[in-house]
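Undergrad: Next up is a structure, given as structure tokens.
The values are calculated or read from the model by the stated rules, or taken from the named source; none is laboratory data. Everything quoted here is computed from the prediction, not taken from an experiment. Positions of Cβ are backbone-derived with ideal geometry, glycine not excepted, and every protein chain shown enters the neighbour counts. All accessible areas refer to the heavy atoms of the entire protein, side chains included, with ligands and DNA or RNA removed. Shrake-Rupley method; radii C 1.70, N 1.55, O 1.52, S 1.80 Å.
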Amino acid sequence: MRVLNFGSLNLDHVYHVSHFPQPGETLSAAGYGVHLGGKGFNQSVAMARAGLSVCHAGCIGGDGLALREFLVDNGVDVSLLQTVAAPTGHAVIEVDQQGQNRILLYGGANLQVDAAYIDSVLSQFSPGDVLVLQNEISCLSTLVEKAVQRGLRIVLNPSPIGPQLTPQLIAQAEYLILNELEGGALSEQSQPLPCLRALLARCPHSKIVLTLGEAGAFYADEGRVLHQRAMAAEAVDTSAAGDTFTGFFLGGLFSGQPVEAALRIAAQAAAIAVSRPGAAESIPLLGEVSAFF
Ligand code: RIB
């Protein structure tokens, strides 16, 4: 079984702010830096650091070569990554003094994914291989449709929420991994258990992981509901905490661990990630996670 992550790669422009500005307010940032990110990119780094072999497909512009190099340095297969004639996607991220963030995305090269590229990438994969997806690239529904026809197993992190995420598309996910905001938007339920029930009613064959920040995470499938508590951490920057959780959860799961163990290591890795600045740079190595806890 091979793992393909077909997802976004972004340059993150990160501004440290005392508070999130109100409409009409001008605020000076206390700090600024450019970091490597993108939900797809972060999740590939997290899966690789969790010990999984992963191939990353997606598009960057000529200004995004550092993203390719970082994936290579982390052991991710980039042979299917495409460089296109568009600027690399970017994100404007505000991080406040509590480590909470607000993210504005510009898709750029991530929106150059088209049917021809999807065909060429999927032709390298076979039934039973796993396709990990987020919602920051173009042609997501085409990609899911073609992957399902090819017999790939779908893991979907429906983030950010958008109109592309139709009920039909979401129902194709074997694993649906989402946070409370995304769960609320898709289920129209604000409480975790009703949210999980509503999502399972819509996707009865899916396994659902609902992350809740400091309240931990729930896992639910047809037969059971599990809860994983969050690990204590002093939040410096929550960017990529969800991506770290997803990558380590999948790393645990696809290396043969039971769901309970995969949830635990995911929570541990995410706790370390929030205690460090940046997105991909904040993701720990598997050895660091074991040593820390
Ligand atoms: O999940 C965090 C990521 O969201 C950032 O790295 C940013 O690029 C956006 O995609």
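Undergrad: Hey, could you check region 1-30 for residues that are open to solvent by less than 20 Å² (accessible area, probe 1.4 Å) and farther than 19 Å from S53 by Cα and say which is farthest from the ligand (Cβ to nearest atom)?
TA: V17
Undergrad: Could you grab me the full set of residues in region 53-63 that are within 15 Å of the ligand (Cβ to nearest atom) and crowded, with 24+ Cβ neighbours inside 10 Å?
TA: H56, G58, C59, I60
Undergrad: I've got another one for you. Evaluate the following for L131: is it away from the ligand (no atom under 16 Å from the Cβ), of a type in the set (A, V, I, L, M, F, W, C) and in contact (Cβ under 8 Å) with a residue 24 or more places away in the chain?
TA: yes
Undergrad: Go through (1) closer than 25 Å to Q98 by Cα; (2) modelled with pLDDT of 95 or more; (3) aliphatic (A, V, I, L, M) for A235 and report which single condition fails.
TA: Against the list (1) closer than 25 Å to Q98 by Cα; (2) modelled with pLDDT of 95 or more; (3) aliphatic (A, V, I, L, M), A235 comes up short only on (2).
Undergrad: Have a look at A91, A50 and point out the one that is crowded, with 21+ Cβ neighbours inside 10 Å, at pLDDT 95 or above, hydrophobic (A, V, I, L, M, F, W, C) and within 15 Å of the ligand (Cβ to nearest atom).
TA: Just a single option satisfies the conditions, and that option is A91.
Undergrad: Within region 202-209, is there a residue that is part of a helix (DSSP H, G or I), surrounded by fewer than 22 Cβ atoms within 10 Å (Cβ to Cβ) and touching a strand residue (DSSP E or B) at 6+ places or on another chain (Cβ under 9 Å)?
TA: Within region 202-209, the subset part of a helix (DSSP H, G or I) is 202.
Filter again for surrounded by fewer than 22 Cβ atoms within 10 Å (Cβ to Cβ), leaving 202.
Subset that is touching a strand residue (DSSP E or B) at 6+ places or on another chain (Cβ under 9 Å): none.
No, region 202-209 contains no residue that is part of a helix (DSSP H, G or I), surrounded by fewer than 22 Cβ atoms within 10 Å (Cβ to Cβ) and touching a strand residue (DSSP E or B) at 6+ places or on another chain (Cβ under 9 Å).
Undergrad: So if I check each of V72, V45, V34, V76, which one is within 16 Å of the ligand (Cβ to nearest atom) and surrounded by fewer than 17 Cβ atoms within 10 Å (Cβ to Cβ)?
TA: Among V72, V45, V34, V76, only V34 is within 16 Å of the ligand (Cβ to nearest atom) and surrounded by fewer than 17 Cβ atoms within 10 Å (Cβ to Cβ).
Undergrad: Could I ask something else about it? Quick one: count up the residues across region 217-245 that are within 16 Å of the ligand (Cβ to nearest atom) and assigned to a loop (DSSP other than H, G, I, E, B).
TA: Count: 6.
Undergrad: Please go through region 217-257 and pick out each residue that is open to solvent by less than 40 Å² (accessible area, probe 1.4 Å) and among the charged types (D, E, K, R).
TA: Hits for region 217-257 are D221, D237, D243.
Undergrad: Here is a follow-up. Going through E260, E214, E281, E288 one at a time, which residue ends up being under 30 Å from Q97 (Cβ atoms), assigned to a helix (DSSP H, G or I), open to solvent by 50 Å² or more (accessible area, probe 1.4 Å) and touching a Leu at 6+ places or on another chain (Cβ under 9 Å)?
TA: On the way: E260 fails: under 30 Å from Q97 (Cβ atoms); E214 fails: touching a Leu at 6+ places or on another chain (Cβ under 9 Å); E288 fails: touching a Leu at 6+ places or on another chain (Cβ under 9 Å).
So the residue among E260, E214, E281, E288 that is under 30 Å from Q97 (Cβ atoms), assigned to a helix (DSSP H, G or I), open to solvent by 50 Å² or more (accessible area, probe 1.4 Å) and touching a Leu at 6+ places or on another chain (Cβ under 9 Å) is E281.
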